[in-house]
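Q: Supplied in structure tokens, the structure appears directly below.
The values are calculated or read from the model by the stated rules, or taken from the named source; none is laboratory data. These numbers were taken from a predicted model, which means no experiment stands behind them. Ideal geometry is used to build each Cβ from the backbone, glycine not excepted, and the neighbour counts take in all protein chains shown. Protein only, heavy atoms only, side chains kept; ligands, DNA and RNA dropped before computing areas. Shrake-Rupley method; radii C 1.70, N 1.55, O 1.52, S 1.80 Å.
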Amino acid sequence: MSANNNVPFEGTDKARKALKTILTTSTFNTLLANRIPVSIADKLSRQVVDNVDFLTLFKIVAEDMQNQHAPKQRILDRTIVHMFEILFRIINAEKGNEAEVMQKEFFTLVPRGECLDLFLQLVKEYCMGDAEIQRYTHKLEQLIEGYSKEYIINWDQLYKSEAFKSYLSALLSLILTHLREDRAPIPALENKIPTHFQPYRINSFLNQICKLKQTGALQLDA
């Protein structure tokens with residue numbers, strides 16, 4: 001189960017009491033509506049509530065809350081990755097050889113899976129923080145509303161919109177503000193990403209972004 005470990009699966013006494021009251025009243029009223037005598041309805045409604053597995057109930061609610069939160073994080077993660085894919089192409093284009101640039105992709109530097117997850121976590125922790133993560137996630141949700149139908153997002157159309165390009169530029173500015181302009185723009189990166197992923201190469205890439213920013217030539221084209 002992927003539910004957040006901070007969620008109290010057992011539920012609080014207050015929550016249990018409130019749920020018991022609601023379930024008892026609802027069951028009692030339903031039985032009365034079906035012409036069950038009051039004394040029997042009262043007894044049955046109490047028995048029903050006594051047999052409810054509240055532990056399972058709270059686990060279901062906690063997991064549902066987590067599942068609703070996860071996609072929100074993923075849309076921000078996807079957008080950050082999209083931004084770094086653009087930056088990767090820009091950096092490699094600066095080195096010339098357009099044919100080579102077309103063959104390379106960001107994931108040759110930051111492989112999908114554990115490495116990408118750690119990279120995104122570090123970027124968000126070091127360059128954003130909880131408040132900015134929530135703010136940019138909320139902004140992105142608002143943008144997506146105009147490009148989704150039946151829960152399917154048309155990412156290609158979203159990327160082409162001026163509103164998204166403006167959003168991406170603001171996101172890049174925020175991240176660049178927090179990157180150190182030295183050999184290790186995100187110091188913790190080389191400590192937290194396993195060495196076989198060659199995290200020093202990722203920091204080198206971030207350093208090249210910082211240098212390009214200094215020249216004033218860093219322009220995103222989503």
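Q: Ignoring ligands, DNA and RNA, how do Phe84, Phe197 rank by accessible area with a 1.4 Å probe, largest first?
A: Descending accessible area places them as Phe197, Phe84.
Q: Where the centre of each part is set by its Cα atoms, how far does segment 121-141 sit from segment 148-222, in angstrom?
A: Each part reduced to its Cα centre gives a spacing of 13 Å.
Q: Out of the total accessible area of segment 129-214 (probe 1.4 Å, heavy atoms of protein only), what percent is carbon and sulfur?
A: 49 percent
Q: A follow-up question, please. First obtain the Kirkwood hydrodynamic radius of segment 13-61 from its Cα pairs, then insert it into the Stokes-Einstein equation at 20 °C and 1.002 mPa s, and state the resulting D in µm² per second as a whole number.
A: 190 µm²/s
Q: Tell me which lysines have Cα within less than 28 Å of Lys211's Cα, excluding those fewer than 8 residues away on the same chain?
A: Partners found: Lys95, Lys104, Lys124, Lys160, Lys165, Lys192.
Q: Now for a different question. Starting from the residue with the highest accessible area, list Thr137, Thr215, Thr30 in decreasing order, probe 1.4 Å.
A: Thr215, Thr30, Thr137
Q: Right, something else. I'd like the accessible area for Glu94: 1.4 Å probe, protein heavy atoms, all chains in place, Å² to the nearest 10.
A: 120 Å²
Q: Could you sort 13-19, 168-174 so that the peptide with the highest average Cβ count within 10 Å comes first and the rest follow in order?
A: Top to bottom by mean Cβ count within 10 Å: 168-174, 13-19.
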